[in-house]
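Inspection log for the structure reproduced underneath, given as structure tokens.
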Amino acid sequence: MKKLIVFLACGIMIGSAAKAQTAMKIAYINSAVLLQSMPERVNADSALSKYTRTFQEQIEMMTKEFQTKLSAFQKDEKTMSEAMKEVKAKELQDLQARIESTQQSAQEKIQQKKQDLYTPILEKADKAIKDVAKEKNYDYIFDVNSQGGGIVYSKEEFDVTALVKAKLGIK
């Protein structure tokens, strides 16, 4: 008799756990498709391209100047004194260093501009995802576009960080 009661109790608990898990609402989104379809992205892409072109043009001008000076140096090198060769070689090295510095600076500025342009778009998309999740009562929303299908929304009630910290004795 005891075995029957224990067996029934286990069956009820397993059934309740399975029922609780099936009640969880999970959805997914493809963030790449979402971002690609947002009209703000087109404007951001255009502004970023325009901004990038200004640096490309500047670097191209500097590169042409370097090529011109290098050609002149190579052409006149045989007739130059050693002191003049050193001066011209130093000038070429300095110009090449300026080009490299400008390229690095341009990359950093372009990256910052991209972040400035795309942050509001990403925040708008994130807010919309969370609003839909709350409206439709989803427990989790996964992004199929991210590595490993990252979670883009989860209910706070499923966060066990505080419990794990307590288990570890961390405040």
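The values are calculated or read from the model by the stated rules, or taken from the named source; none is laboratory data. What you see is a predicted model; the values in this text were computed from it and never measured. Quick reminder, even Gly has a Cβ in these numbers, built from the backbone with ideal geometry, and neighbours come from all protein chains shown.
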Can you name the residue in region 150-171 that is surrounded by 14 or more Cβ atoms within 10 Å (Cβ to Cβ) and farther than 14 Å from Asn30 by Cα and is also modelled with the lowest pLDDT among such residues? Lys155
Selection status of Lys90, more than 30 Å from Phe158 (Cβ to Cβ) and surrounded by fewer than 13 Cβ atoms within 10 Å (Cβ to Cβ): yes
Scan of region 135-149 for residues that are at pLDDT 80 or above and either part of a loop (DSSP other than H, G, I, E, B) or over 19 Å from Leu122 (Cβ atoms) (or both), ordered by number: Glu135, Lys136, Asn137, Tyr138, Asp139, Tyr140, Val144
Would you call Arg41 modelled with pLDDT under 95 and touching a helix residue (DSSP H, G or I) at 6+ places or on another chain (Cβ under 8 Å)? yes
Residue list for region 122-135, restricted to those being within 13 Å of Tyr28 (Cβ to Cβ) and loosely packed, with under 15 Cβ neighbours inside 10 Å: Val132
Residues of region 87-106 that turn out to be touching a Lys or Arg at 6+ places or on another chain (Cβ under 8 Å) and either more than 26 Å from Thr54 (Cβ to Cβ) or not in a helix (DSSP H, G or I) (or both), as a count: 1
Qualifying residues in region 73-86 (those that are surrounded by 12 or more Cβ atoms within 10 Å (Cβ to Cβ) and part of a helix (DSSP H, G or I)) - the one nearest to the chain's Cα centre (by Cα): Phe73
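Yes or no, residue by residue, for (1) at pLDDT 85 or above; (2) on the phi < 0 side of the Ramachandran plot; (3) polar (S, T, N, Q):
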site: Thr22; (1), (2), (3): no, yes, yes
site: Leu35; (1), (2), (3): yes, yes, no
site: Met62; (1), (2), (3): yes, yes, no
site: Ser71; (1), (2), (3): yes, yes, yes
site: Val87; (1), (2), (3): yes, yes, no
